[in-house]
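Contents: one structure, followed by commentary.
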Amino acid sequence: MRMSRSVPGRVNEIPTPALVLDRATLDRNIARMATFFAGGPCRLRPHFKAHKTPEIAMRQLAAGSCSGLTCATVGEAEIAAGFCDDILLANEIVTPEKCARVAALARRVRVTAAVDSLAGLEALSRAARAAGVCIGVLVDLNVGQGRCGVEPGEAALTLARGAARSDGVELRGVMGYEGHLQPVRDRAERQSRTRQAMEGLVKTADQLRDAGMDCDIVSAGGTGTFDISGRIDGITEIQAGSYALMDTDYSSVGVPFEPAFWVLGTVVSRPTRERCVADCGHKSMTKDHSLPGVRGIEGATVTSLNDEHATIALPPDSTIAIGDRVELLPSHVDPTINLHDVFYVVEGPVVVDVWPIAARGYLEHRTRMEEPA
Ligand SMILES: Cc1ncc(COP(=O)(O)O)c(C=O)c1O
């Protein structure tokens, strides 16, 4: 098996289980999203956490219409800072160690982080002051998901005032992720509930400005709502991530992107006419949203995933044999990709490149292990 990046092999030589990425489909998805935002005024800030792969992020940025990248973890931001100069950490960063790493990043690139508490704000401010840098902050609002975020209105204004008064941080605006609305299947319902959820975000942004505070950024959105939130007056950027690769969950929501990746497995057992078993279980793909789909075998369905086994119910005429390959379409992009080290990038049967999933896992522990004692 030739594995070096300069000498790619063929798909049937890839050791399994493995992640396979169809480059042409990826590029179509990226171009489609960039075109949607090309007319402005809202911009795209692709979420790096979906794929954690610099080569994909660089293609997203090169396609245009982007204000920078979104990250969920400090580790992702540290990798992204190698090729992107404007990073939003759309997440609460609160420990001194992580805040110090954010401050170190702020020396190299423009960094903005979400805050939803005075304690979090103070932790960032302290780290920024110690490093002599400025960290941007967005007040994170709960727009209905019920995860992080302060309530729109007065609670947000109080936190924003705290940010405006704090040294080392710069208030840059607000964000509110409508995560609970991404999977709503009915388009009309998704549209009306998203518009309603975004009202509180846009109104709070206006209240900040009326009170004399800065609010240049109003950040929201995901793959399920990009074309709803992305056309609401006052929203300045959309944090979509999954659109580049797609999963079966988002495919069933009916967004205009195609599946660009799959998990490749090898059939290791054909115990009956109705069933085969492949070597790609839930250690190679998540099943948190649902079991994966089967690509390219009409009528085949995955009936269970164990650690290292996918059991597949076959149509009666199936001739699939031990050693044959299967292609499974995961139900959820992010946790699947995080399980792998590389993407095998293909054009038809040819592996044209191998892309490291450089930001996978929790990098800080890996780095620590590699440091000399
Ligand atoms: C804060 C935040 N923004 C945006 C997204 C959108 O990501 P996607 O487009 O993959 O649904 C997510 C996904 O979980 C998120 O947590």
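The values are calculated or read from the model by the stated rules, or taken from the named source; none is laboratory data. Predicted model only: the values in this text are computed from it and were never measured. A quick note on method: Cβ atoms are made from the backbone with ideal geometry, for glycine too, and the neighbour counts reach across all protein chains shown. Surface accessibility is based on the protein's heavy atoms, side chains included, excluding ligands, DNA and RNA. Shrake-Rupley method; radii C 1.70, N 1.55, O 1.52, S 1.80 Å.
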- Query: Quick one: if the Förster radius is 35 Å, what FRET efficiency do Q145 and A24 give, using the C-beta to C-beta distance and rounding to 0.05?
  - Reply: 0.55
- Message: Which of R28, R59, R273 ends up with the largest GNM mean-square fluctuation for the chain, with Cα atoms connected below 10 Å?
- Response: R273
- Note on the structure: The pairs in K49/K283; K49/K287; K203/K287; K49/K203; K52/K203 lying past 26 Å Cα-Cα in this model are K203/K287; K49/K203; K52/K203
- Task: Just need the Rg to Rh number for the chain, please, alpha carbons only, Kirkwood Rh.
- Result: 1.01
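Using a probe of 1.4 angstrom, how much of the accessible area of segment 233-296 is carbon and sulfur, in percent?
49
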- Query: What percent do you get for the relative contact order of the chain when only Cα pairs under 8 Å and 6+ apart count?
  - Reply: 20
- Task: Enumerate the amide H contacts of D353 below 5 Å, restricted to partners 5 or more residues apart or on another chain; note that Pro and chain-start residues carry no placed amide H.
- Result: V345
- Cβ-Cβ FRET estimate between A188 and R295, R0 fixed at 30 Å, reported to 0.05: 0.50
- Here, R107 and A38, labelled 7 Å along Cα→Cβ, have an inter-label distance in nm of 4.1
- Item | Column: log10 I(q)/I(0), Debye, Cα scatterers of segment 276-317, q = 0.15, 0.19, 0.23, 0.33 Å⁻¹ | -0.32, -0.50, -0.71, -1.21
- Query: Rounded to a whole number, what % of the accessible area of segment 145-190 do carbon and sulfur atoms account for, probe 1.4 Å?
  - Reply: 48
- Task: Would you mind working out the accessible area per residue for the chain, using a 1.4 Å probe, and quoting it in Å²?
- Result: 42
- What residues qualify as long-range amide H neighbours of H47, i.e. H under 5 Å apart, gap of 5 or more or another chain, H built at 1.01 Å from N? T70, A240, G241
- Message: Semi-axes of the equivalent ellipsoid for segment 25-78, please: Cα gyration tensor eigenvalues, times 5, square-rooted, ordered largest first, whole Å.
- Response: 19, 13, 8
- Please give the contour-minus-distance gain from R325 to R161: 0.36 nm per residue of separation, less the Cα-Cα distance, rounded to one decimal in nm. 53.2 nm
